[in-house]
Amino acid sequence: MRPSEDSYLHKGMRKTLIEEIGRKGISNLRVLEAIQAVPRHFFLDSAFTKRAYEDRAVPIGEGQTISQPYTVAYQSELLDPRPYEKVLEIGTGSAYQACILASMGAQVFTIERQKSLYDSNRKFDFLKTFPGIKFFYGDGFKGLPTYAPFDKVIVTAAAPHVPQDLIDQLRTGGVLVIPVDEGALQRMMRLTKLEDGSFTEERFDLFSFVPMLQGKNME
Ligand code: SAH
């Protein structure tokens, strides 16, 4: 069962969490406010309520995880979505990252390849408080050509390479934040698309994500 009550105790735990994330180096206030605003324990079974506010990843079933809050904050800070920007997310998972981006004002389009995770989000009532998030079942390597161009794209699974389709679906000046495989870990990269279709690359820290897999999974 998912909890649906957000008490002063939960809000207090989130305050402690954002202080911890702040100490680890996240300074974007809009990101920290979004983490304060979105009740992370709603995304997990009630057995995990205390763990929801520890700075670590938690399993959500189907071998997938809800990313560590620090990682969500780190990617959100690099993406820095502005109100009304169109953001494409690859790897909906628990939908926590999508809610953080929506809480920052972005119009979020999010794709999940695992049918069971996509279906469970359709039954997750809290998500109705973010009617601007559009959920898709599909293969994130292909993006969402029908809805392109996007201002920003965020990949929340370990990418073996930078998918060309995702670059193609960015507007000029748009940015892609993506963890790219580098041995056992992934290098967080930020690509900015230039007018001629090429891009500049910035390299950030190493992280550990679940793999980005080809194709859709029907289960
Ligand atoms: N953003 C998520 C993180 C989930 S973990 C959150 O906030 O909880 C990464 C997710 O990416 C998993 O759910 C996995 O099934 C999904 N995924 C992996 N490869 C994918 C692909 N090619 N297209 C779409 N989703 C993918």
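Just a few scattered comments:
- Residue in the stretch 43-62 that is touching a residue at least 40 places away in the same chain (Cβ under 8 Å) and of a type in the set (Lys, Arg) present: no
- One residue from GLY61, GLY12 being open to solvent by 20 Å² or more (accessible area, probe 1.4 Å), on the phi > 0 side of the Ramachandran plot and of a type in the set (Gly, Ala, Ser): GLY61
- You will find that of SER27, SER67, the residue that is out of contact with any helix residue (DSSP H, G or I) (no Cβ under 6 Å at 6 or more places or on another chain) and modelled with pLDDT under 95 is SER67 and no other.
- Search result, residues across the stretch 140-179 that are surrounded by 18 or more Cβ atoms within 10 Å (Cβ to Cβ) and of a type in the set (D, E, K, R): ASP151, LYS152
- Residue, nearest to SER67 (Cα to Cα), within the stretch 194-219, restricted to residues that are among the aromatic types (Phe, Trp, Tyr) and either part of a strand (DSSP E or B) or out of contact with any strand residue (DSSP E or B) (no Cβ under 6 Å at 6 or more places or on another chain) (or both): PHE207
- Of residues in the stretch 83-96 being more than 6 Å from the ligand (Cβ to nearest atom) and either of a type in the set (A, V, I, L, M) or not in a loop (DSSP other than H, G, I, E, B) (or both), the one most open to solvent (accessible area, probe 1.4 Å): LYS86
- A Cβ distance below 8 Å, combined with a sequence gap of six or more or placement on separate chains, defines the contacts here; from the stretch 132-149, residues that are under 17 Å from GLN214 (Cβ atoms) and hydroxyl-bearing (Ser, Thr, Tyr) reach residues that are within 11 Å of the ligand (Cβ to nearest atom) and part of a strand (DSSP E or B) in the pairs TYR137/ILE111; TYR137/GLU112.
- Candidate set from the stretch 97-117 (those that are within 6 Å of the ligand (Cβ to nearest atom) and surrounded by 24 or more Cβ atoms within 10 Å (Cβ to Cβ)); member that is nearest to the chain's Cα centre (by Cα): GLN97
- GLU54 outside any helix (DSSP H, G or I) and out of contact with any Cys (no Cβ under 7 Å at 6 or more places or on another chain): yes
- So SER116, is it touching a residue at least 24 places away in the same chain (Cβ under 8 Å), outside any loop (DSSP other than H, G, I, E, B) and of a type in the set (Gly, Ala, Ser): yes
- Of all residues in the stretch 127-158, those being within 12 Å of the ligand (Cβ to nearest atom), among the polar types (S, T, N, Q) and over 15 Å from THR92 (Cβ atoms) number 0.
- LEU213 being within 17 Å of the chain's Cα centre (by Cα) and away from the ligand (no atom under 11 Å from the Cβ): no
The values are calculated or read from the model by the stated rules, or taken from the named source; none is laboratory data. What you see is a predicted model; the values in this text were computed from it and never measured. Using ideal geometry, Cβ is built from the backbone for each residue, glycine included, and neighbour counts are taken over all protein chains shown. Note: areas computed on protein heavy atoms with side chains; ligands, DNA, RNA excluded. Shrake-Rupley method; radii C 1.70, N 1.55, O 1.52, S 1.80 Å.
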